[in-house]
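**Student:** I am attaching a structure below and will ask some questions about it afterwards.
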Amino acid sequence: MGSAAAADVFIPACAAVGVAFALWQWFLVSRVKVSAYAAPGGNGHHGGPVFRIEDNEEDVGMGGGGDDDEEEGAGDGTVAVARCAEIQSAISVGANSFLFTQYKYLAAFTAIFAVVIFLFLGSVHRFSTDSRPCQYTSGRTCKPALANAVFSSVAFLLGAATSVVSGYLGMRIATYANARTTLEARRGVGAAFATAFRSGAVMGFLLASLGLLVLYVTIKVFGLYYGDDWESLYESITGYGLGGSSMALFGRVGGGIYTKAADVGADLVGKVERNIPEDDPRNPAVIADNVGDNVGDIAGMGSDLFGSYAESTCAALFVASISSFGADHDFAAVAYPLLISSAGLLVCLVTTLFATDLFKVKTVRGVAPALKLQLVVSTVLMTVAALVVSLAALPANFTMFDFGQVKQVKNWHLFFCVAIGLWAGLAIGFTTEYFTSNAYSPVRDVADSCRTGAATNVIFGLALGYKSVIVPVFAIAVSIYVGFTLASIYGIAVAALGMLSTVATGLAIDAYGPISDNAGGIAEMAGMSRRIRQRTDALDAAGNTTAAIGKGFAIGSAALVSLALFGAFVSRAGITDVNVLNPKVFVGLLVGAMLPYWFSAMTMKSVGSAALKMVEEVRRQFIAIPGLMEGRAAPDYARCVRISTDASLKEMMPPGALVLLAPLVAGTFFGVSTLAGLLAGALVSGVQIAISASNSGGAWDNAKKYIEAGASDHAKSLGPKGSDAHKAAVIGDTIGDPLKDTSGPSLNILIKLMAVESLVFAPFFAAHGGLIFK
């Protein structure tokens with residue numbers, strides 16, 4: 001693989017294998033069919049079409065075969081399936097409607113921002129078309145700055161488009177799979193788990209393969225113009241990461257506001273005031289809540305992890321291009337980040353088979369260990385794959401750019417950088433699980449605190465979140481120290497890539513959670529038996545913890561990615577050192593540390609404002625619609641969907657503007673030193689807040705589920721549903737919702753996006769920045 005030709009075969013081949021595997025998993029899911037047929041007289045279902053489930057292996061209809069695990073007491077199977085199909089359709093229509101409306105806004109933003117990139121970068125050399133001396137390679141000439149402006153803008157548009165497609169495909173797959181998971185739960189928890197996990201794998205492999213393929217093709221196409229000028233080529237490629245992260249920010253914030261406005265409204269009125277179960281069809285906000293799972297936790301998360309992947313790859317490629325790899329035009333070595341990601345796809349493919357084929361889940365207790373096994377197996381196999389790629393693709397000795405100096409590096413040094421990132425990711429994942437799973441004492445302590453009311457529940461939950469920061473921060477710190485010591489800033493970039501190299505498996509586990517959550521909601525709304533709901537709840541509880549693990553990975557990788565981008569920015573801006581005793585730097589540091597708090601305040605208040613409208617609407621419907629509480633009348637679901645949609649689209653703009661304008665204002669008016677301080681401050685405080693917010697929210701959610709499940713004597717003593725302890729747990733969960741699904745996950749995009757934006761605009765800031773702090 002040491003030659004460029006081998007790399008040119010290996011990268012697109014792995015991407016193609018990833019796409020083919022995703023399509024195969026989708027085919028297996030699609031074998032569970034929800035199909036309509038005409039039913040004379042309507043068979044008790046409003047005289048309309050009735051639906052049935054078909055499966056190639058066995059009949060699971062209520063009068064058919066099946067195993068001992070078959071559903072009990074759900075009445076007429078065709079009616080239950082018909083309801084499932086209707087609910088699935090309503091969720092899909094709501095999610096589609098929101099995303100298309102959001103994408104119209106984002107299309108306008110993307111076009112305007114692409115022009116801004118062109119104008120800022122083109123003005124560096126007054127839109128000159130003359131070649132210029134290269135900044136890092138003496139004696140060579142580079143392409144005009146105007147070309148860099150054009151290609152950076154094009155790369156930004158490509159990154160934005162790939163991010164949007166990634167999110168949309170994820171949402172389509174999730175809404176396709178949710179009812180199928182519910183229906184498979186009639187056969188047993190194993191069949192339902194396989195359907196949900198395979199659907200998550202479709203999203204994971206499509207997104208990882210698509211991101212790799214588009215980036216590879218972009219490099220090759222841009223290379224037709226740039227030729228030997230790799231310095232300018234990979235500098236313009238950084239626009240790809242900026243495009244991906246910009247869309248991820250609005251996807252995460254907009255989707256997070258949507259889902260939490262609906263969730264808070266549904267919980268406060270439904271559970272606390274009206275004492276009805278979660279996902280009860282009488283609750284007017286229940287469809288909006290299930291739509292939110294798809295637009296926030298699936299589409300938003302997909303865009304987020306794609307953004308991390310794109311940015312870490314772009315940072316590594318840029319630093320490699322100004323090192324000996326770039327000077328020697330060794331494509332296999334420069335493409336090392338792409339080769340690691342390609343090998344990661346193959347590793348994730350084998351890992352997925354462990355869950356779906358080699359060690360099938362047979363019982364409820366087997367669900368959580370199966371998901372945990374995915375993390376361990378993918379990390380172990382990827383460690384071996386990284387060693388092979390490092391020895392095959394890299395020369396034995398080479399030099400890396402080290403802030404104006406050169407650092408002697410060996411190929412096995414980079415293997416250790418990737419491996420430390422990989423294992424730090426696993427450490428963060430397991431720590432997150434310990435603090436958010438109700439199998440361990442931290443969450444059980446939070447549940448126990450509900451005995452004395454909501455206030456003690458909130459105090460215990462906040463303390464848990466703060467404490468959960470300790471191990472992840474040490475893991476990130478060790479990764480940074482080892483990466484920088486072995487290979488300078490490039491070592492940190494590939495450590496981030498190591499953490500993200502198993503992104504296909506990470507996304508599969510992440511997407512599995514919201515799909516299972518939707519499946520449980522559909523089972524409740526369709527009036528299926530308690531046994532079915534218990535199975536979907538078991539899948540959902542495991543998914544809740546894996547979602548928290550996924551957020552831990554995203555935040556940890558964001559810290560490494562943003563530090564790598566920070567190093568690339570400092571290099572590109574020509575800063576020799578970042579001295580905190582310099583007042584310009586310290587001012588930036590203070591303001592940067594404040595930005596995550598300002599951003600969190602905006603997103604939390606946005607959720608609160610939207611939830612207020614939702615609560616008022618749900619209360620109004622319970623009062624105004626006669627027979628709603630008794631189940632004789634249907635609520636107006638569409639009105640609640642519209643409230644969530646309008647609120648999220650309106651409220652996502654100010655936080656997005658804050659993140660995008662902060663680096664532009666700091667760099668233009670206060671200069672590159674202040675901007676460097678701003679980025680460092682935002683990174684240091686943003687990581688802490690993001691981890692504590694996500695874990696507090698996850699712990700409150702699982703403490704509530706622990707009481708509801710009543711699986712132990714301790715849990716039974718706190719319950720049942722509707723008890724004072726349960727109501728206190730619901731309030732804690734409601735407070736945690738915007739923390740874990742809006743503010744927390746969005747903060748990792750804040751620190752990455754500000755860093756990559758600073759890198760893209762670095763030539764302008766270096767040339768014309770500092771209008772006030774000259």
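**Student:** Inside segment 569-595, can you point out the residues that are open to solvent by 50 Å² or more (accessible area, probe 1.4 Å) and either free of Cβ contacts under 8 Å to residues at least 60 places away in the same chain or in a loop (DSSP other than H, G, I, E, B) (or both)?
**Tutor:** Residues satisfying the conditions are 574, 576, 577, 578, 579, 580, 581, 582, 583.
Results for (1) modelled with pLDDT of 95 or more; (2) β-branched (Val, Ile, Thr); (3) open to solvent by 10 Å² or more (accessible area, probe 1.4 Å); (4) within 20 Å of residue 508 (Cβ to Cβ), shown as yes or no for each residue.
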{"position": "377", "(1), (2), (3), (4)": "no, yes, yes, yes"}
{"position": "405", "(1), (2), (3), (4)": "no, no, yes, no"}
{"position": "425", "(1), (2), (3), (4)": "no, no, no, yes"}
{"position": "438", "(1), (2), (3), (4)": "no, no, yes, no"}
{"position": "441", "(1), (2), (3), (4)": "no, no, yes, no"}
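**Student:** For segment 322-366, what are the residues that are outside any helix (DSSP H, G or I), of a type outside the set (S, T, N, Q) and open to solvent by 60 Å² or more (accessible area, probe 1.4 Å)?
**Tutor:** Within segment 322-366, 359, 360, 362 qualify.
**Student:** What pairs can you find where one residue is in segment 720-739 and open to solvent by less than 10 Å² (accessible area, probe 1.4 Å) and in a helix (DSSP H, G or I), the other is among the aromatic types (Phe, Trp, Tyr) and modelled with pLDDT of 90 or more, and their Cβ atoms are less than 7 Å apart, with a gap of 6+ or different chains?
**Tutor:** 732/700; 733/700; 736/700
**Student:** Moving on. Is it the case that segment 307-319 has a residue that's hydroxyl-bearing (Ser, Thr, Tyr), under 18 Å from residue 204 (Cα atoms), open to solvent by 10 Å² or more (accessible area, probe 1.4 Å) and within 19 Å of the chain's Cα centre (by Cα)?
**Tutor:** yes
**Student:** I'd like the full set of residues that are open to solvent by less than 50 Å² (accessible area, probe 1.4 Å) and among the β-branched types (Val, Ile, Thr), limited to segment 464-479.
**Tutor:** 469, 473, 476 - these are the residues of segment 464-479 that are open to solvent by less than 50 Å² (accessible area, probe 1.4 Å) and among the β-branched types (Val, Ile, Thr).
**Student:** Can you confirm whether residue 751 is of a type in the set (A, V, I, L, M), closer than 29 Å to residue 467 by Cβ, at pLDDT 90 or above and surrounded by fewer than 24 Cβ atoms within 10 Å (Cβ to Cβ)?
**Tutor:** no
**Student:** Further, regarding this structure: Mind checking whether some residue in segment 28-49 is in a helix (DSSP H, G or I), at pLDDT 50 or above and more than 25 Å from residue 528 (Cβ to Cβ)?
**Tutor:** No, segment 28-49 contains no residue that is in a helix (DSSP H, G or I), at pLDDT 50 or above and more than 25 Å from residue 528 (Cβ to Cβ).
**Student:** Pairs please, first residue from segment 253-280 and more than 25 Å from residue 599 (Cβ to Cβ) and open to solvent by less than 10 Å² (accessible area, probe 1.4 Å), second anywhere and aliphatic (A, V, I, L, M) and at pLDDT below 85, Cβ atoms under 7 Å, 6+ apart in sequence or on different chains.
**Tutor:** Here the result reads 270/276, each pair linking segment 253-280 to a residue that is aliphatic (A, V, I, L, M) and at pLDDT below 85.
**Student:** Residue 495 is checked against (1) touching a residue at least 40 places away in the same chain (Cβ under 8 Å); (2) closer than 30 Å to residue 709 by Cβ and fails just one. What number does that condition carry?
**Tutor:** So the condition that residue 495 fails would be (2).
**Student:** How many residues are surrounded by fewer than 21 Cβ atoms within 10 Å (Cβ to Cβ) and more than 30 Å from residue 557 (Cβ to Cβ) if we restrict to segment 443-463?
**Tutor:** 7
**Student:** Can you find even one residue in segment 483-497 that is surrounded by fewer than 24 Cβ atoms within 10 Å (Cβ to Cβ) and under 23 Å from residue 695 (Cβ atoms)?
**Tutor:** No, every residue in segment 483-497 fails to be surrounded by fewer than 24 Cβ atoms within 10 Å (Cβ to Cβ) and under 23 Å from residue 695 (Cβ atoms).
**Student:** Checking the condition in contact (Cβ under 8 Å) with a residue 40 or more places away in the chain, farther than 15 Å from residue 543 by Cα and surrounded by fewer than 24 Cβ atoms within 10 Å (Cβ to Cβ), which residue from 170, 188, 159 passes?
**Tutor:** The match here is 188.
**Student:** Please work out which one of (1) within 30 Å of residue 339 (Cβ to Cβ); (2) out of contact with any strand residue (DSSP E or B) (no Cβ under 7 Å at 6 or more places or on another chain) is the condition residue 449 fails and give its number.
**Tutor:** Failing condition for residue 449: (1).
**Student:** Then there is this: Which of (1) out of contact with any strand residue (DSSP E or B) (no Cβ under 8 Å at 6 or more places or on another chain); (2) in a helix (DSSP H, G or I); (3) over 26 Å from residue 164 (Cβ atoms) is the odd one out, the single condition residue 82 does not satisfy?
**Tutor:** The single condition residue 82 does not satisfy is (1).
**Student:** Is it the case, given these coordinates, that residue 603 is at pLDDT below 90, in a helix (DSSP H, G or I) and open to solvent by less than 50 Å² (accessible area, probe 1.4 Å)?
**Tutor:** In short, no.
**Student:** Return yes when residue 559 is at pLDDT 90 or above and open to solvent by 30 Å² or more (accessible area, probe 1.4 Å) and no when it is not.
**Tutor:** For residue 559, the condition - at pLDDT 90 or above and open to solvent by 30 Å² or more (accessible area, probe 1.4 Å) - is not met.
**Student:** Kindly provide the set of residues from segment 117-145 that are part of a helix (DSSP H, G or I) and open to solvent by 40 Å² or more (accessible area, probe 1.4 Å), ordered by number.
**Tutor:** Residues satisfying the conditions are 118, 119, 120, 125.
**Student:** Could I ask something else about it? Under 8 Å between Cβ atoms, at least 6 apart or on separate chains: pull out the pairs that start in segment 441-460 with a residue that is in contact (Cβ under 8 Å) with a residue 24 or more places away in the chain and within 12 Å of residue 697 (Cα to Cα) and end on any residue that is open to solvent by less than 60 Å² (accessible area, probe 1.4 Å) and outside any helix (DSSP H, G or I).
**Tutor:** 443/437
The values are calculated or read from the model by the stated rules, or taken from the named source; none is laboratory data. For clarity, every value in this text was computed on a predicted model and none was experimentally measured. As a convention, Cβ positions derive from the backbone with ideal geometry for all residues, glycine included, and neighbour counts pool all protein chains shown. Just so you know, the surface numbers come from the protein's heavy atoms only, side chains and all, with ligands and any DNA or RNA stripped out. Shrake-Rupley method; radii C 1.70, N 1.55, O 1.52, S 1.80 Å.
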